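Below is one structure, written out as structure tokens; the observations come after it.
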Amino acid sequence: GAVVSQHPSWVICKSGTSVKIECRSLDFQATTMFWYRQFPKQSLMLMATSNEGSKATYEQGVEKDKFLINHASLTLSTLTVTSAHPEDSSFYICSARAPTYEQYFGPGTRLTVT
Amino acid sequence: AQTVTQSQPEMSVQEAETVTLSCTYDTSESDYYLFWYKQPPSRQMILVIRQEAYKQQNATENRFSVNFQKAAKSFSLKISDSQLGDAAMYFCAYRSAWSDYKLSFGAGTTVTVRA
């Protein structure tokens, strides 16, 4: 089946620094990837849609200058959390849309901001 | 945006028994897809089952089956012969067949399996 990887799986950073999370589709090309945020015991909240070669589309209420998304190739999208603060601590999940239109999810990244 | 409602925050089932998770959704579209995803403690999202709205036949995948009632906008998941490995959070999700391919998720139901 289609595989999506995320790196890192867990990152701890200090308040005020930036952290980059990578999402890769390993065995298919993904023109569209999605980034979600999930708090413990809650549902996935869509943050943005990442389209290869164009600007990301952010959901209402998501700060585009804080959560920078770059989809530079058909297999890689990155989410950069800029000037991270403790309230940005969360679980971030990406998914990639395969040519069949199915979405495949990465294993997620736990971000802890101290 | 479509609304997906899961009214059961938690469900408990005895091993080998059957449990049914409910899901309702709101849409004005006639063509769409519905999904059930499982999120175990590892937090990896796993697709359990998929239903296309234009297909009247209910989807089944081994011990997992759905009851799709299009007119009632209801999409329940039945887990038969529950196993300890079925313990997880289950999310119902909706996706339009034509637009931006975004998934709309319900709030989730935590399933506990008692040995």
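A few points about this structure:
- When residues of the stretch B:21-35 are limited to those that are modelled with pLDDT of 95 or more and part of a loop (DSSP other than H, G, I, E, B), the one farthest from residue B:101 (Cα to Cα): B:22
Okay, residues lined up against (1) within 11 Å of chain A (Cβ to nearest Cβ); (2) under 16 Å from the mean Cα position of the chain (by Cα):
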site: B:46; (1), (2): yes, yes
site: B:55; (1), (2): no, no
site: B:69; (1), (2): no, yes
site: B:82; (1), (2): no, yes
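- Enumerated strands (runs of 3 or more DSSP E) restricted to the stretch A:1-60, each holding at least 3 residues that are of a type in the set (A, V, I, L, M, F, W, C): A:10-13, A:19-25, A:32-38, A:44-51
- Residue list for the stretch A:9-30, restricted to those being under 24 Å from residue A:102 (Cα atoms) and surrounded by fewer than 14 Cβ atoms within 10 Å (Cβ to Cβ): A:9, A:26, A:27, A:29
- Among (1) within 14 Å of chain A (Cβ to nearest Cβ); (2) in contact (Cβ under 8 Å) with a residue 60 or more places away in the chain, the one test that residue B:51 misses: (2)
- Among the residues of the stretch A:93-114, those that are in contact (Cβ under 8 Å) with a residue 24 or more places away in the chain and of a type in the set (Phe, Trp, Tyr) comprise A:104, A:105.
- The set of residues in the stretch B:23-45 being surrounded by fewer than 21 Cβ atoms within 10 Å (Cβ to Cβ) and touching a residue at least 12 places away in the same chain (Cβ under 8 Å) consists of B:24, B:25, B:26, B:27, B:29, B:30, B:31, B:32, B:33, B:40, B:41.
- Meets criteria (within 16 Å of residue B:21 (Cβ to Cβ), surrounded by 12 or more Cβ atoms within 10 Å (Cβ to Cβ), within 11 Å of chain A (Cβ to nearest Cβ) and of a type outside the set (Gly, Ala, Ser)) for residue B:109: yes
- Positions within the stretch A:59-97 being surrounded by fewer than 19 Cβ atoms within 10 Å (Cβ to Cβ) and within 14 Å of chain B (Cβ to nearest Cβ), in sequence order: A:59, A:60, A:61, A:62, A:91
- Filtered by the rule that a residue be in a loop (DSSP other than H, G, I, E, B) and over 14 Å from residue B:5 (Cβ atoms), the stretch B:56-85 gives B:56, B:57, B:58, B:59, B:62, B:63, B:70, B:71, B:80, B:81, B:82, B:83.
- When the residues of the stretch A:98-113 are filtered to those that are surrounded by fewer than 19 Cβ atoms within 10 Å (Cβ to Cβ) and of a type in the set (Val, Ile, Thr), the one that is farthest from the other protein chains (Cβ to nearest Cβ) is A:112.
- Residue tally, condition on the phi < 0 side of the Ramachandran plot, outside any strand (DSSP E or B) and touching a strand residue (DSSP E or B) at 6+ places or on another chain (Cβ under 8 Å), over the stretch B:86-115: 7
The values are calculated or read from the model by the stated rules, or taken from the named source; none is laboratory data. Given the structure is predicted, the values throughout are model-derived calculations rather than measurements. Counting neighbours? That spans all protein chains shown, and the Cβs are built from the backbone with ideal geometry, glycine included.
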